[in-house]
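Novice: Handing you this structure, nothing more for now.
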Amino acid sequence: MKSPLLSLPGAVPAEGRDEGVAAHYGDLFREQRALADGTGFVDLSHRGVVTVSGDDRLSWLHLLLTQHVSDLPPGRATEALILSANGHIEHALYLVDDGETVWAHVEPGTQGELIAYLESMKFFYRVEVADRTDETAVVHLPAGSVTEVPGGVAVRETAYGRDVFLPRAGLEAFAAEHGPAAGILAYEALRVEGHRPRLGFETDHRTIPHEIGLIGSAVHLQKGCYRGQETVARVQNLGKPPRRLVFLHLDGSEVLLPAPGTPVRLAADGPEGRQLGFVTSAVRHHELGPIALALVKRNVPVDAPLVAGNTAAAQETVVEP
């Protein structure tokens, strides 16, 4: 989906997984500061939107998701995962129920595979699953924003802001009334600062929820069975995850940020030492400078200086070893 807001003055298109919206509108740090101050909005209209309606929607989703949603009150935001049989993360859903319909936004391009899985699990339940991406655009209002959202739309309110499910046809009018717009790079900088993992960035084909700190926020440990629960329970009760998410403060003298996948090693071993992990996201922050998230082996000492490629990095613990 190509956003109409790419026609706004100064818009520079994003690339990669966020293609379709603006990376920035000419001033990355100004846009970050605006979001941090609770002003403006972020165009997330490239994200997939999926709805589930019907009398059994919450009880049915409760059987499939890692989150406890059978009694989810209308208007309460939550997030949930769908795991493989081996407990690896396959989908991440950011959802809210409006009293009649569950609205969820997901990573761009993943809604088709998600809907195919949900459809295969309907059986006799009274539910209807729909892809609403073509008609619905997600915008993000930062924490502290006093912007009034249009009536009759679903809203996810979280500690870091509100996700609003707007009719796609009203996106340009919303931007004209509630700007300035901030690009996805500003949003990503605040996400990395907040240690919030993202599917396809902090995850690969073998990531389990414990590794990236999703126990509690997206995984409920006291709910009934779901696919992959055995792995979650085993790690919770008997062991530790093989990897852990860390936050990195990068050397600000380097011109280029380390790309996702860049090897992480002990600084004492140098750039030719044994690889202990890899960078997942790297951004430039308006106050902290260059920062990143990385997945490293659990036994990496929490106080050890690291290098990401050739860039020196000091680590902060996100997931305890």
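The values are calculated or read from the model by the stated rules, or taken from the named source; none is laboratory data. Please read all numbers here as calculations on a predicted model, not as lab measurements. Counting neighbours? That spans all protein chains shown, and the Cβs are built from the backbone with ideal geometry, glycine included. SASA here: full protein model, heavy atoms, side chains in, ligands and nucleic acids out. Shrake-Rupley method; radii C 1.70, N 1.55, O 1.52, S 1.80 Å.
Novice: Using the structure shown, decide if Thr39 is closer than 19 Å to Val155 by Cα and either in a loop (DSSP other than H, G, I, E, B) or of a type in the set (S, T, N, Q) (or both).
Specialist: Yes: the conditions hold for Thr39.
Novice: Being closer than 11 Å to Pro258 by Cα and open to solvent by 20 Å² or more (accessible area, probe 1.4 Å) is the filter here, so list the residues in segment 268-283 that pass it.
Specialist: Within segment 268-283, Phe278, Ala282 meet the criteria.
Novice: With Glu316, Glu254 as the choices, which residue is open to solvent by 60 Å² or more (accessible area, probe 1.4 Å) and either in contact with a Pro (Cβ under 6 Å, 6 or more places away or on another chain) or at pLDDT 95 or above (or both)?
Specialist: Matching residue, one of Glu316, Glu254: Glu316.
Novice: For the condition over 23 Å from Tyr160 (Cα atoms) and surrounded by fewer than 16 Cβ atoms within 10 Å (Cβ to Cβ), what is the one hit in Asp37, Asp55?
Specialist: The unique qualifying residue is Asp55.
Novice: Would you check if Arg168 is basic (Lys, Arg) and either out of contact with any helix residue (DSSP H, G or I) (no Cβ under 9 Å at 6 or more places or on another chain) or within 18 Å of Arg76 (Cβ to Cβ) (or both)?
Specialist: Spelling it out, it is not the case that Arg168 is basic (Lys, Arg) and either out of contact with any helix residue (DSSP H, G or I) (no Cβ under 9 Å at 6 or more places or on another chain) or within 18 Å of Arg76 (Cβ to Cβ) (or both).
Novice: Just the residues that are buried (at least 18 other Cβ atoms within 10 Å of the Cβ), among the small types (Gly, Ala, Ser) and either touching a Gly at 6+ places or on another chain (Cβ under 6 Å) or within 13 Å of His105 (Cβ to Cβ) (or both), please, taken from segment 16-34.
Specialist: If the condition is that a residue be buried (at least 18 other Cβ atoms within 10 Å of the Cβ), among the small types (Gly, Ala, Ser) and either touching a Gly at 6+ places or on another chain (Cβ under 6 Å) or within 13 Å of His105 (Cβ to Cβ) (or both), then Ala22, Ala23, Ala34 are the ones that fit.
Novice: Follow-up question, since we're still on this one. Against the definition (more than 14 Å from Gly75 (Cα to Cα), in contact with an Asp or Glu (Cβ under 9 Å, 6 or more places away or on another chain) and open to solvent by less than 60 Å² (accessible area, probe 1.4 Å)), how does Leu118 come out, yes or no?
Specialist: It is false that Leu118 is more than 14 Å from Gly75 (Cα to Cα), in contact with an Asp or Glu (Cβ under 9 Å, 6 or more places away or on another chain) and open to solvent by less than 60 Å² (accessible area, probe 1.4 Å).
Novice: Now, a different point. Quick check on my filter: what residues within segment 206-251 are over 20 Å from Leu306 (Cα atoms), open to solvent by less than 20 Å² (accessible area, probe 1.4 Å) and charged (D, E, K, R)?
Specialist: Correct list: Lys223 only.
Novice: Among the residues of segment 128-145, which ones are touching a strand residue (DSSP E or B) at 6+ places or on another chain (Cβ under 6 Å) and either of a type in the set (A, V, I, L, M) or within 18 Å of Ala173 (Cβ to Cβ) (or both)?
Specialist: Passing the criteria: Val129, Ala130, Thr136, Ala137, Val138, Val139, His140, Leu141, Ala143.
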